[in-house]
Amino acid sequence: MNKLKKFGKKNIGFIFIIPWLIGFLVFKAYPFLSSLYYSFTDYNLFTGKSDGFTLQNYKDVFTIAVEKTALITTFKYAFMTVPMKLVFALFIAYILNFKLKGVNLFRTIYYVPSILGGSVAIAVLWKALFNDNGLIRSGFALLGIDAPHFMSDPKWALLMISILRVWQFGSAMVVFLAALKGVPTELYEAAAIDGASKTRQFFSITVPLITPVIFYNLVTQLVQAFQEFNGPYIITRGGPLGSTTLMSLLIYNNAFVSYDMGKASAQAWVLFVILMIFTMISFWSQKHWVYYGDEEN
Amino acid sequence: MSIENNNIETSEKTDITPKADIKKSDKVEMTPVLGKKSLSKEAKRANRNLMVRRGINTFLRYFVLILVGAIMIYPLIWMVGAAFKNNSEIFSSMNPIPIKGTLDGFKNAVKSYGGNINIWKSMLNTYSYVIPQVILTVVSSVLTAYGFARFKFVGHDILFGLMMAMLFLPQVVLNVPQYMLFNKFGWVGSEHYLPLIVPAAFATETYFIFMLIQFLRGVPKELEESAQIDGCNVFQILIKIIVPMIMPAVVSCALFKFMWASNDFIGPLLYVKTPAKYPATIFVKLSMDSDAGFDWNRVLATSLISIMPNILVFFAAQNQFIEGISAGGVKG
Amino acid sequence: MKKKFLSAFLATAMLATSLTGCGEEKKETTEATTAATTEAAAGDTTAAPADDAAAYDECTITFDWWGGDSRHEATQAAVEAFEAKYPGINVEINFGAWSDWETAKATEYLSGNNPDVQQTNFDWIGKYDADGTTYLDLNTVSDVLDLTQYDEATLAKCVDSKGGQAGVPVSVTGRTFYWNEATFEAAGLSVPTNLDELMAAGPVFKDKLGDNYYPLVIGEYDRAILVAFYLQAQTGKPIIDENNQLTVTQDDLKKGLEFIKSLEDAHVIPTIPYLDGEGADSMDKSQRFINGEYAGIFEWDSSPAKYVSALGDNGDDLVVGNVFPELQSYSKVSLMFSISADTEHPRECAMLLNYLLNDPEGAAIMASERGIPESKAAYEVVNAAGKINPLSAQAHEEVMNSNPLYWNPLFDSSKLKGDTSTYTTVFEQFSYGMDAAGSSYDLDKAAADLYNGYMDALAQ
């Protein structure tokens, strides 16, 4: 009896995760496992035809040209977008954290792109900005520079999608802002007395204190970038020459255009494993750069 | 890279707590810089220099803010202008100001479809499931995050891993099995939006749990320990100490959920089967017929009307961040 | 629960009767009368089947469709008129835009949870009714649903693998050319009526109007169709025949691709890189088209309205052209209505369909919102009421005059048509002259890829 009480006391935290556990078992586990099952079949949802266990779907990801290219493009996209977005979001959040008149208005304005999301208006506008007669190219032309043809040059189209996502930096900014608000002002005051410059203060006080949140943004932005779908879907449809065909665009096409659930699921699980590895590396790297206030040492 | 440099330049010689701040917040002590004010002639000169620098810094900050702001707000301004244009003008000019203005877009936007649904009703529909979703998501996520961040229990690490893993599989491949599940429950076409609301009560949004955990982990345990000594139980600690400490994060969760849920298109499309129950995201697209064509000004006008609450909610919720200072600043 | 209503089919030839008036009148009748005493208001029964066909059960049926504003409005009005006419049948409707509609429908089909009456796409028979168990064989309800209003050959296209009538064709559509007369006039030309005239227009446009003026604009999928038209003219056979066989060889496809190349070379059509540079996903969103720089499009006969609207004040400049004699067209069923095989009320569903499609009263309300009606009774009524877009009617006539061939839905297979599928990749790479990896992409490669794409799609 005593032992049981002790066990209960030790595991009291379990109570708090019960809602999540139920949700996980009821709403997530089944879809999750069924997609894993599909990935090892050549299951067509409508004909219901399946020849049993196969590894072909997984082999295809690494051998078929279109899929291989999509995988590489996805990596390129993620490594291009995530750093740009994080630096930009942190920089803007840092400025918006100052007490300036009208700062509320600015915060709202900066969040507007994220509210507009993937709406039809964004698709129309983004093309109008980057197309051959668009504002961007006209602007460069005024400076005497012949800017790349973003819409039709396979080397540049991905950057255009990337800029769209950096432009929609609102969520990352809000999270940074919330973190910056948590940095006690006393610390800056103490540093100022010691004669530390603002730059030093930023890198030796602000950044270390918000590392848990930088870590959060890094992981979630990586996940979002690897799963990016809307940008290429509404603007380039994967072109030109497949240069913006990201994995999730292929997954979508396989799942909802060809109903090749096996293929779609296998591609999704490859993405899953990649993200898993990246996240495990990030979690492992935490002890070298993330500072947690709740750690006792 | 250049962005970062820019950041350093502007922030180099600035003071982080200018006057406006001191007037507002009562708890902050006088800053050392101001405390040393007017001691000697040199100090006076230094002070004047400081004022000039401060002026320049303020100017630079506003310059950056307005420049970036213009890029951020331009699409919204364009949308407003375009909602007053006709189709051919929308696609032939980037100029937000309509040449031949028309009110048709807004007139048609408020028209109803056979008395079944109109823009206002669709917006009400949206919020009738978004608000429960937000509340349930925040509550269940806070509980789960608290459980994972502050307690060790049997299977903690494995369950944590499983939870994180839920982030990594694209929703596209989960849609079909999930639909089949809800269909078995008889929830498809539910007039109470059950497939959209119920999962929210069970912390199904890993993004938020993870975010709250990260914020929680930045908060030192000392306060909780002393509260425990004072006889608070784990629930009281959660409500009295933890939640106020991470209020900015909790508000962010609520905001994000609000924005994302009210922008969701595919969820309602799969699970709402009566036009009278359609949310705004579906309503906005109702008139879009790719074959016969449609009036873009109407689509843009409905989009504009339907995102207004989101903009207002964001504007209003910001004050929560400001209040957040007092909580975060407690640290000793 | 099983109450029988006696009522003759109302076939009011009087189109002058306004909708609302009609609806209200019937509602009053509903309130005033009980079960067996409903009387026919008019005895005139042009489209009415046998007498006992009038009996029906009181029930609720579900009905869904996709489309735009005016289609939603017309269909809702027609459904209301139907409910008023047949008191006791309650129709629960659901409608939306095309965007992602098929995603939602596919999910429904997967879980066997679809509405009783549905607007369906022609290729859905192959996709979602492969085993013939998704859609009801409409022959089983032909006593209520008058199938004699349809051309037998057209009906035969909407048949599933078991020979069941999976859908009733609402309209038939095909492609022809539309020309911007003003631009041709500016170039000192009249609109082309055959391939030679079109080819000759290319250099004239370039010289007289400038590099950015083209007599015709076609994207990847348009090119695939044009190749099919071009080759069909040579073989006289549908590119994919009734037995799911490709009727052309790889060498033939090569000729088709050469034809496209010759159009590009003669400045008749812009290249894909030039089109991508603007990024408009259809020409009604293209500034160049709106400005008149692209003087011709190759489009469905149902679509001119959106291009006219895109041209704004210059909408009148758009005229319908003929299908060139050097090309052999095809036509296809653009839309169908189907009944779910699982419905508990097949008879009432069929009554709804008959009202919407064949009954002069219902057909008049539905007008030409789903293209020019295929039902003879409906066509007469709608045409007489002047409810057919004249440009659309003219285009439809051109299509029908070109003796269109059979069209196999496999032509639109997801292996062929789609953002990452054969048509897009082949015609894009061929026009760019390079593939995704940057190495050169020539005629031989394009022909081989196109051929393999077809083989792949047909193998399914």
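Numbers for the structure displayed
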{"quantity": "Whole-number Å³ per residue for the convex hull built on Cα positions in segment B:110-212", "calculated": "137 Å³"}
{"quantity": "Estimated FRET transfer efficiency (B:V110, C:V319; beta-carbon r; R0 35 Å; 0.05)", "calculated": "0.45"}
{"quantity": "Computed FRET value (nearest 0.05) for A:F75 with C:S190, which takes r as the C-beta separation and R₀ as 51 Å", "calculated": "0.40"}
{"quantity": "Helix-only CD estimate at 222 nm, as mean residue ellipticity for chain A, using -39500 (n - 2.57) per DSSP H run (n ≥ 4)", "calculated": "-20500 deg cm²/dmol"}
{"quantity": "Stokes-Einstein D (µm²/s) once Rh is taken as the Kirkwood radius of segment C:55-97 over alpha-carbon pairs, at 25 °C in 0.890 mPa s", "calculated": "224 µm²/s"}
{"quantity": "Convex hull (Cα only) mean projected area of segment C:303-460, reported in nm² to one decimal", "calculated": "14.2 nm²"}
{"quantity": "Gyration tensor (alpha-carbon) shape descriptor, chain A, a/c threshold 1.5", "calculated": "oblate"}
{"quantity": "Cross-link table B:K257/C:K306; C:K85/C:K162; B:K257/B:K285, entries beyond 31 Å C-alpha to C-alpha", "calculated": "B:K257/C:K306; C:K85/C:K162"}
{"quantity": "Distance (nanometres) between label positions extended 7 Å along Cα→Cβ at B:N233 and B:R53", "calculated": "5.6 nm"}
{"quantity": "Convex hull of segment C:113-184 built on C-alpha atoms - directionally averaged projected area, nm²", "calculated": "7.4 nm²"}
{"quantity": "Anisotropy class of segment B:200-332 from Cα gyration tensor, a/c 1.5 cut", "calculated": "prolate"}
{"quantity": "Around C:S413: net Lys/Arg minus Asp/Glu count, Cβ-Cβ under 10 Å", "calculated": "0"}
{"quantity": "For segment B:49-199, projected area of the alpha-carbon convex hull averaged over all directions, nm²", "calculated": "18.5 nm²"}
{"quantity": "Two-site label geometry, A:S282 and B:F315: point separation in nm, points 7 Å out along Cα→Cβ", "calculated": "3.4 nm"}
{"quantity": "Averaged over B:79-87, number of beta-carbon atoms from partner chains that fall within 10 Å", "calculated": "3"}
{"quantity": "Near-label residues of segment C:104-120 by backbone N, under 18 Å of a point 7 Å along Cα→Cβ of C:D131", "calculated": "C:106-114"}
{"quantity": "Peptide B:250-263 - average C-beta neighbours from other chains (10 Å radius)", "calculated": "3"}
{"quantity": "Residue-averaged [θ]222 nm for chain C, counting only DSSP H segments that reach four residues, each worth -39500 (n - 2.57)", "calculated": "-12500 deg cm²/dmol"}
{"quantity": "Protection proxy ranking, peptides A:207-215, A:165-173, average beta carbon neighbours within 10 Å, highest first", "calculated": "A:165-173, A:207-215"}
{"quantity": "Fewest-first sequence of C:H345, C:H396 by Cβ atoms within 10 Å of each Cβ", "calculated": "C:H345, C:H396"}
{"quantity": "Estimated distance in nm for a label pair at A:A196 and A:L36, the labels positioned 7 Å out from Cα along Cα-to-Cβ", "calculated": "4.6 nm"}
{"quantity": "Local electrostatic count at B:S93 - Lys and Arg +1, Asp and Glu -1, tallied over other residues with Cβ under 12 Å", "calculated": "+1"}
{"quantity": "Bins of 10 Å from zero: percent of alpha-carbon pairs in chain C", "calculated": "4, 19, 27, 24, 15, 8, 3, 0"}
{"quantity": "Long-range Cα-Cα pairs in the protein assembly as shown (distance over 44 Å), rounded percent", "calculated": "42 percent"}
{"quantity": "Förster radius 35 Å - calculated FRET efficiency between C:D57 and B:I266 (Cβ-Cβ, nearest 0.05)", "calculated": "0.45"}
{"quantity": "Cβ neighbours within 10 Å from other chains - mean over B:269-276", "calculated": "5"}
{"quantity": "Burial order of peptide ranges C:398-404, A:122-128, B:312-318, B:125-131 (average beta-carbon count within 10 Å, highest first)", "calculated": "A:122-128, B:125-131, C:398-404, B:312-318"}
{"quantity": "Packing-based exposure ordering (other Cβ within 10 Å, fewest first) of C:T247, A:T279, A:T236, C:T173", "calculated": "C:T247, A:T279, C:T173, A:T236"}
{"quantity": "Given charges at Cβ of Lys, Arg, Asp, Glu: the protein assembly as shown dipole, positive-most of A:I161, C:A77, A:T236", "calculated": "A:I161"}
{"quantity": "Overall dimensions of segment A:170-237 by Cα: Rg and Dmax, Å", "calculated": "16.8, 56"}
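Rule-based calculations on the coordinates, nothing more; no lab input. Predicted model only: the values in this text are computed from it and were never measured. A quick note on method: Cβ atoms are made from the backbone with ideal geometry, for glycine too, and the neighbour counts reach across all protein chains shown.
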